[in-house]
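Novice: Quick one: the structure is below, and I'll ask about it shortly.
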Amino acid sequence: MNLNWLYTFVTAAQFENFYKTAETLYLSQPTVTVHIKQLEKELGTPLFERKGRNIVLTTYGKEFLPHATKIIETLSDGLHHIENVRQGYHQTLSIAVSPLIASTYLPYWIKKFIRYYPDIEVVVHVMESHLISEEVERGTAHLGLARMESKTLGLTCVKIYEEPLKIVAPHDGGDWESSIPLDLETIVNKEVLLTYNHPEYWDSVLFELKHLYRHVRTMKVTQVHVTKRFIEEGIGFSILPRSTVKRELAEGRMLEVEAPFLSLPTASTYVITKDQSEEASQFMSTVRSLI
């Protein structure tokens with residue numbers, strides 16, 4: 001049996017359309033038809049029936065689909081395994097991580113980890129914090145690194161790091177030595193507050209800010225990198241974890257607003273696991289040695 005027939009069959013079952021199948025597989029439509037007919041001849045039964053311009057699986061097609069999918073997945077896993085062995089990898093560590101952590105701590109952690117464990121392949125899946133628990137629960141990731149605590153039953157969630165928050169605003173163009181320090185009340189009167197770019201602390205921060213400044217104006221921007229870009233463009237100010245604005249403050253692209261009277265919470269990083277593998281344990285040992 002030709003494997004190309006199986007790829008075509010599984011793709012056609014997904015799209016229920018020979019034209020889309022051909023487009024996806026970079027084949028001509030007649031070639032797709034030939035592949036299906038050859039497979040049907042091999043199996044001795046029809047796999048699709050036409051419904052107008054579309055196609056649907058027959059009863060036999062539905063029965064055969066999971067087997068064809070499993071064959072393709074097994075082959076893909078085998079090819080991936082051989083490629084890993086060729087590159088010197090003998091184990092794999094899959095990490096689900098939030099964009100915030102992926103762009104701050106994670107590069108340093110992984111750099112150290114692969115130096116200590118060069119035979120472990122690291123696979124990184126970047127996703128929003130609220131999706132990470134699901135990824136760990138179904139076993140797609142060995143561990144998760146999130147900015148929000150997981151309360152999913154059957155998972156272990158441990159806080160591994162806390163860091164302070166910084167109030168940051170657009171640079172006012174003044175000289176570092178002669179400029180007057182930025183005042184929070186002035187910033188609140190002048191700029192819009194960019195909110196909800198972090199999954200945990202905004203409700204408590206907004207409660208306190210609105211108690212102090214009833215006229216504060218807000219704009220929801222749900223990604224930190226977009227928030228930072230908006231600040232640099234002079235669109236508003238925000239309250240962000242120190243690690244995310246460290247470089248911008250050092251390079252003078254943003255200014256820190258001092259507000260000692262404001263009680264700011266901390267931003268936390270959590271590690272989420274289910275059945276902790278040896279690779280996950282080794283990674284966490286490396287991380288703890290670096291924090």
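Novice: Would you be able to tell me the number of residues in the range 193-204 that are open to solvent by less than 20 Å² (accessible area, probe 1.4 Å) and farther than 14 Å from Ser268 by Cβ?
Specialist: Here the count works out to 4.
Novice: Whether any residue in the range 59-78 is among the hydroxyl-bearing types (Ser, Thr, Tyr) and either touching a Lys or Arg at 6+ places or on another chain (Cβ under 7 Å) or part of a loop (DSSP other than H, G, I, E, B) (or both) is what I want to check.
Specialist: no
Novice: Condition test on Ser289, is it small (Gly, Ala, Ser) and open to solvent by less than 50 Å² (accessible area, probe 1.4 Å)?
Specialist: no
Novice: Among the residues of the range 259-277, which ones are under 29 Å from Glu191 (Cα atoms), surrounded by 14 or more Cβ atoms within 10 Å (Cβ to Cβ) and not polar (S, T, N, Q)?
Specialist: Ala259, Leu262, Leu264, Pro265, Ala267
Novice: Still on this structure: State all residues of the range 225-238 that are among the hydrophobic types (A, V, I, L, M, F, W, C) and either crowded, with 22+ Cβ neighbours inside 10 Å or free of Cβ contacts under 8 Å to residues at least 40 places away in the same chain (or both); if no residue qualifies, say none.
Specialist: Selection gives Val226, Phe230, Ile231, Phe237.
Novice: From the residues in the range 22-65 that are modelled with pLDDT of 90 or more, over 17 Å from Leu6 (Cβ atoms) and of a type in the set (D, E, K, R), which one is most open to solvent (accessible area, probe 1.4 Å)?
Specialist: Glu23
Novice: Suppose we keep only residues that are under 23 Å from Glu200 (Cα atoms) and in contact with a Leu (Cβ under 8 Å, 6 or more places away or on another chain) within the range 130-142. Which one would you say is surrounded by the fewest Cβ atoms within 10 Å (Cβ to Cβ)?
Specialist: Across the range 130-142, the extreme among qualifying residues is Glu137.
Novice: Another question, then. Can you work out which of the residues in the range 90-114 that are in a helix (DSSP H, G or I) and free of Cβ contacts under 8 Å to residues at least 60 places away in the same chain is surrounded by the most Cβ atoms within 10 Å (Cβ to Cβ)?
Specialist: Among residues in the range 90-114 that are in a helix (DSSP H, G or I) and free of Cβ contacts under 8 Å to residues at least 60 places away in the same chain, the one surrounded by the most Cβ atoms within 10 Å (Cβ to Cβ) is Leu106.
Novice: Return the residues of the range 210-227 that are over 30 Å from the mean Cα position of the chain (by Cα) and assigned to a helix (DSSP H, G or I); say none if nothing qualifies.
Specialist: Result: Lys210, His211, Leu212.
Novice: Which of (1) under 21 Å from Ile272 (Cα atoms); (2) out of contact with any Phe, Trp or Tyr (no Cβ under 6 Å at 6 or more places or on another chain); (3) touching a residue at least 40 places away in the same chain (Cβ under 8 Å); (4) of a type in the set (A, V, I, L, M, F, W, C) does Leu165 not meet, given it meets every other one?
Specialist: (1)
Novice: How do the strands (runs of 3 or more DSSP E) wholly within the range 115-174 filter down when requiring 1 or more residues that are more than 20 Å from the chain's Cα centre (by Cα): which remain?
Specialist: 120-126, 156-170
Novice: Can you find a residue that is outside any helix (DSSP H, G or I), modelled with pLDDT under 90 and farther than 25 Å from Glu149 by Cβ anywhere in the range 182-202?
Specialist: So far as the range 182-202 goes, yes, one or more of its residues are outside any helix (DSSP H, G or I), modelled with pLDDT under 90 and farther than 25 Å from Glu149 by Cβ.
Novice: Ok, one more. Mind checking which residues of the range 239-258 are surrounded by fewer than 18 Cβ atoms within 10 Å (Cβ to Cβ) and among the aliphatic types (A, V, I, L, M)?
Specialist: Listed by number, the residues that qualify are Leu249, Ala250.
The values are calculated or read from the model by the stated rules, or taken from the named source; none is laboratory data. In this text the structure is predicted, and so the values were computed from the model without any measurement. All Cβ positions, glycine included, derive from the backbone under ideal geometry; neighbour counts span all protein chains shown. Protein only, heavy atoms only, side chains kept; ligands, DNA and RNA dropped before computing areas. Shrake-Rupley method; radii C 1.70, N 1.55, O 1.52, S 1.80 Å.
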